Structures are given as structure tokens and as C-alpha cells.
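Read the figures in this text as sums done on the coordinates, not as results from a lab. Worth saying up front: this structure is predicted, and the values here are computed from it rather than measured. Ideal geometry is used to build each Cβ from the backbone, glycine not excepted, and the neighbour counts take in all protein chains shown.
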Amino acid sequence: MSARIASVSRDTLETKIKVKINLDGTGEFVCNTGIGFLDHMLEQVARHGQIDMNIEVDGDRHIDDHHSVEDLGITLGQAFDKAVGDKKGMVRYGHAYVPLDEALSRVVIDFSGRPGLFKEVEFTRASIGSLDTQSMWEFFYGFVNHARVTLHIDNLKGVNAHHQAESIFKAFGRALRMALSADERMAGQMPSTKGVL
């Protein structure tokens, strides 16, 4: 597979966002969204996915975090869609179970070309730090719609909301890492009988 690197910018009246990623990186992470807990979660994705990420977000946070979180999901999704290229030779599917103390989450992803988010998560608090847990879903909706992936997220156990969220984002990173990996037996082949994803 050729280098899978992408840079995407989004400039609206609500947010100004720049994202640069390397899907075959080492987990290098530079990020400032202005939302501390979101930065912490994205670092889990970079580290556990072994994806280099450089993210800059300037959003209308005087209103609330919603636009910044949603638009980052959109921009990051666009960067992933651009970076994966034609998807030939990649595993395509990824899954991970990740525990964090009492919390246990499962994430399954398919770079199918068909956007879809399916979730079974009941956070025990409405916000974690300054991040509204509802905004987290706006991030994931933005990501799946623009990365064109199917994503299943299930929190199977959890009492501490921080642990619930962190186990989800770590599992997301691990599932990405598996799906994006090169499949030597599929070298040069499309991982689909349709011939296109």
C-alpha cells in the first residue's frame, strides 16, 4: 500500500479546523481542541491505533462545545476517507474489546463505504469534564458519515463515566488499527466481492 497520509481543513462561521493524519504512523499526537477531555480521548485513538494525528480546532465554544466536536468528527472522517485510498490490500474489518477497571467496551468497524453508527451505551453521567456525552455521539456521527464506515459501539459494563468513555475510545483505536492493517494474502486485491468499496 502507498503512503496513507491526508490533510483536511474545514472553515465555517462556527469552526476552523485543520487535521493531518498518517494511518501508518507510531501514534504521534499533537492536538488542541480546547476541550480537555476530548483531547484525552483522541490521544487514546492515536496511541492505540498507531495513527499520527495533528489537530487544530478553533470553534465557537462561547456557545458550547457542540459545533467543535461535531465538525472535528466530520473533518477527521474526511481525512480518513482520503487517506485509505482505494482500500486494496487492507483488512477492512476491525474489532476490539477493551476494559478499563470496571468498564468494558466493544467496538467493531467496517470500511464498507456505507455510513452507519449503531450504539448501545448508557453513560452514568451527562458530562465528563466539560464534554457533554451527547456531543460524543455527534463526533462519531460526523466521523462515520464522512469516513464512510459502519461502526458499532457497545459499552457492556461500566459505572464510572470516564472509564466508559475511555474504554470506548481505546477500543475504537484498536479496531481502527486492525481494519487499516495490510492483509498480505489480499495484496493488491479489493476486500469485497463487489470490486469496490
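With R₀ set to 25 Å, the beta-carbon distance separating ARG185 from PHE118 gives a calculated FRET efficiency near 0.30. What does a probe at LYS18 reach in region 30-47, counting residues whose amide N is under 17 Å from the point 7 Å along Cα→Cβ? Once the point is set 7 Å along Cα→Cβ of LYS18, 30-34 turn out to lie under 17 Å by backbone N, inside region 30-47. Each of GLU14, GLU102, GLU166 was scored by other Cβ atoms within 10 Å of its Cβ. Arranged with the fewest first, they read GLU102, GLU14, GLU166.
Using a Förster distance of 35 Å, how high is the FRET efficiency between ALA3 and SER127, based on the Cβ-Cβ distance and rounded to 0.05? Efficiency, from the Cβ-Cβ distance: 0.35. Filter LYS20/LYS170; LYS82/LYS194; LYS20/LYS87; LYS20/LYS119; LYS18/LYS119; LYS16/LYS82 down to the pairs with a C-alpha to C-alpha distance above 23 Å, please. Result: LYS20/LYS119; LYS18/LYS119 exceed 23 Å. Ranked for footprinting exposure by Cβ neighbours inside 10 Å, fewest first, MET186, MET136 give MET186, MET136. Please work out which option in (1) 26, 20, 14; (2) 39, 29, 11; (3) 23, 21, 18 gives semi-axes √(5λ) of the Cα gyration tensor in Å calculated from these coordinates, and answer with its label. Label of the calculated value: (1). 3J(HN,Hα) along region 16-33, derived from phi through the Karplus expression 6.51 cos²θ - 1.76 cosθ + 1.60 where θ = phi - 60°, amounts to 10, 10, 10, 10, 10, 10, 10, 5, 10, x, 10, x, 4, 9, 10, 7, 8, 8 Hz, with x in place of Gly and Pro.
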